[in-house]
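Readers should treat all values here as calculations from the given coordinates under stated rules, not as data from a laboratory. Computed from a predicted model, the values in this text were never measured in an experiment. Cβ placement follows ideal geometry from the backbone for every residue including glycine, while neighbour counts extend to all protein chains displayed.
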Amino acid sequence: MNFIETKLKGCFILEPKIFKDERGYFMESFNEKTFQEGVGQKVTFVQDNQSFSTKGVLRGLHYQCGEHAQAKLVRVLQGEVLDVAVDLRPESETYGQYEAVLLSGENQTQFFVPRGFAHGFLVLSETATFFYKCDNFYNKESEGGLIYNDSTLNIDWNFPLDELIISEKDQILPYLQNAKKVW
């Protein structure tokens with residue numbers, strides 16, 4: 001596994017070693033020891049989640065606050081998404097900046113989003129199955145979120161905004177300046 005740290009300290013793109021032959025392929029998608037060495041911290045995942053979405057679905061930008069903050073290791077099993085993390089750590093040099101990564105069932109790339117970040121994704125293919133590991137359990141009272149089109153963040157979704165499919169809940173998320181503090 002190749003670990004590439006992004007401009008957002010603590011966020012890593014993980015490129016797996018894929019072994020292909022006439023039967024198909026094999027890859028190690030997760031190894032706790034390799035992962036912890038690669039990201040330079042001890043992370044213990046406690047929950048796996050999976051979603052299925054159609055083209056144009058934008059989920060996010062979501063996060064958990066305080067003691068319920070979550071780190072996530074995300075990947076796409078089928079399809080293609082633009083995955084986005086936004087730095088919400090107030091002490092960070094990259095506060096309010098984002099990183100976008102193309103994840104697909106074909107490239108098998110993963111993205112590690114540590115605690116203190118908002119996270120979301122946009123489905124670019126006809127359908128996508130999205131899978132993620134979390135290091136903390138979900139807590140409804142600790143939910144936070146940012147509106148996808150906040151001009152302060154200036155996220156380039158690389159998709160016509162008038163074609164997005166967004167839940168009612170995500171359409172009314174606050175702008176960065178009014179969002180819940182991550183801690």
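Can you tell which of ASP87, ASP83 is within 19 Å of ASP170 (Cα to Cα), among the acidic types (Asp, Glu), buried (at least 16 other Cβ atoms within 10 Å of the Cβ) and in contact with a His (Cβ under 9 Å, 6 or more places away or on another chain)?
None of the other options fit; the residue is ASP83.
Of all residues in region 155-178, count the ones that are in a loop (DSSP other than H, G, I, E, B) and either in contact with a strand residue (DSSP E or B) (Cβ under 8 Å, 6 or more places away or on another chain) or within 22 Å of LYS55 (Cβ to Cβ) (or both).
11
Tell me yes or no: at least one residue of region 15-23 is in contact with a Lys or Arg (Cβ under 8 Å, 6 or more places away or on another chain) and not hydroxyl-bearing (Ser, Thr, Tyr).
no
Tally up the residues in region 91-130 that are among the hydroxyl-bearing types (Ser, Thr, Tyr) and within 22 Å of LYS180 (Cβ to Cβ), please.
Count: 4.
Which of (1) within 26 Å of ASN2 (Cβ to Cβ); (2) crowded, with 17+ Cβ neighbours inside 10 Å does SER92 not meet, given it meets every other one?
(2)
Mind telling me which of the residues PHE19, PHE30, PHE3 ends up being surrounded by 12 or more Cβ atoms within 10 Å (Cβ to Cβ) and part of a strand (DSSP E or B)?
The unique qualifying residue is PHE3.
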